Amino acid sequence: MLSTLTPEQREELLSHVSVVKYKKNDVIYSEGDLPTNLLCLVSGKVKIYKDGVGGRPQIMRVLGDTEYFAYRAYMAGEPFITAASAFEPCTVLKVPLEIIVDLIQRNATLAWFFIQKLAHDLGKSDERTVNLTQKHIRGRLAESLLFLKESYGLEEDGSTLSIYLSREDLANLSNMTTSNAIRTLSAFASEKLVAIDGRKIKFINIAELEKISKIG
């Protein structure tokens, strides 16, 4: 984002930046809160979720380093319709959204930056909605594992997911019950598609997982 600004605008923006650190499972914002700051995740991992039927949360998105969030609701003139919390200890930059909007009104390149980001996020959201509502359980879990691989990458061994999720979080990401997530993940392990070591998940046969995800 800084590359879209003039030197003077960059200095103006940076003068309003504050840094906040969150512990694992800390709530960053809640559904119904009024947005006031653009947030940028500097380090750590964040989940964006919404409480569903019976209070079971549905994870809508996961965020990694240098991702911007928490601004759509402000631009829509509404409170947050989702919540955000830390998967692990996080460092987040905050900038008052009124400053961002003022800069957007003076800088067409910055405006285009946010238009592209919103369009990209909307496309990913639409794709996730279809996947979570139309695929069977095996397809949903395979899709979620591949989604995590795309979002966070792999460890140095080139096989292990670089995020360690609880079975409950994996279920909430896959739109299924925790018991179904446990059974399906165990089935993947017995089929030699993945290897499980506590919360660590190691890919063994990515091609087959991609096939399961595609078939749904």
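The values are calculated or read from the model by the stated rules, or taken from the named source; none is laboratory data. Not measured: the values here are computed from a predicted model. Please note: Cβ atoms are built from the backbone with ideal geometry, for glycine as well, and neighbour counts cover all protein chains shown.
Of the residues making up the stretch 170-185, those that are crowded, with 21+ Cβ neighbours inside 10 Å, closer than 11 Å to Arg56 by Cα and not aliphatic (A, V, I, L, M) are Asn172, Asn175. Could you tell me whether any residue of the stretch 45-57 is in contact with a strand residue (DSSP E or B) (Cβ under 9 Å, 6 or more places away or on another chain) and aliphatic (A, V, I, L, M)? Yes, because at least one residue in the stretch 45-57 is in contact with a strand residue (DSSP E or B) (Cβ under 9 Å, 6 or more places away or on another chain) and aliphatic (A, V, I, L, M). The listed residues are Leu146, Leu154, Leu122, and the only one of them that is out of contact with any Leu (no Cβ under 7 Å at 6 or more places or on another chain) and not basic (Lys, Arg) turns out to be Leu122.
Could you please give the count of residues in the stretch 112-141 that are under 22 Å from Ala187 (Cβ atoms) and assigned to a helix (DSSP H, G or I)? Residues flagged as under 22 Å from Ala187 (Cβ atoms) and assigned to a helix (DSSP H, G or I) within the stretch 112-141 amount to 9.
Among the residues of this structure, Leu209 does not count as one that is closer than 20 Å to Ile48 by Cα and either among the hydrophobic types (A, V, I, L, M, F, W, C) or loosely packed, with under 14 Cβ neighbours inside 10 Å (or both). What are the residues in the stretch 156-183 that are under 18 Å from Lys124 (Cβ atoms), of a type in the set (A, V, I, L, M, F, W, C) and out of contact with any strand residue (DSSP E or B) (no Cβ under 7 Å at 6 or more places or on another chain), if any? Result: Ile163, single match. Candidates are the residues of the stretch 69-112 that are of a type in the set (Val, Ile, Thr), under 16 Å from Val46 (Cβ atoms) and surrounded by 17 or more Cβ atoms within 10 Å (Cβ to Cβ); the one that is modelled with the highest pLDDT is Val92.
Gly153 satisfies every condition listed in (1) touching a strand residue (DSSP E or B) at 6+ places or on another chain (Cβ under 9 Å); (2) on the phi < 0 side of the Ramachandran plot except (2). Taken over the stretch 8-28, the criterion of being assigned to a strand (DSSP E or B) and of a type outside the set (D, E, K, R) is satisfied by Ser18, Val19, Val20, Tyr22, Val27, Ile28. Among the strands (runs of 3 or more DSSP E) confined to the stretch 32-99, the ones with at least 3 residues that are under 17 Å from Leu170 (Cα atoms) and either of a type in the set (Gly, Ala, Ser) or without any contact (Cβ under 8 Å) to a residue 60 or more places away in the chain (or both) are located at 46-51, 83-86.
The residue list Ser144, Ser179, Ser151 contains one member that is modelled with pLDDT under 90, assigned to a helix (DSSP H, G or I) and small (Gly, Ala, Ser), which is Ser151. Of all the listed residues (Glu127, Glu67, Glu98), the sole one being more than 16 Å from Ser3 (Cα to Cα), out of contact with any Asp or Glu (no Cβ under 8 Å at 6 or more places or on another chain), in the same structural domain as Lys50 (by TED's automatic domain parsing) and of a type in the set (Asp, Glu) is Glu98. With respect to Leu161, determine if the residue is in contact with a helix residue (DSSP H, G or I) (Cβ under 6 Å, 6 or more places away or on another chain), in contact (Cβ under 8 Å) with a residue 40 or more places away in the chain and within 18 Å of Gln58 (Cβ to Cβ). Spelling it out, it is not the case that Leu161 is in contact with a helix residue (DSSP H, G or I) (Cβ under 6 Å, 6 or more places away or on another chain), in contact (Cβ under 8 Å) with a residue 40 or more places away in the chain and within 18 Å of Gln58 (Cβ to Cβ). Per the conditions (1) farther than 14 Å from Leu5 by Cβ; (2) touching a residue at least 60 places away in the same chain (Cβ under 8 Å), the sole criterion not satisfied by Lys149 is (2).
In this entry, Glu155 passes the filter for residues that are over 14 Å from the mean Cα position of the chain (by Cα), loosely packed, with under 14 Cβ neighbours inside 10 Å, under 19 Å from Phe87 (Cβ atoms) and not assigned by TED's automatic domain parsing to the domain that holds Lys45.
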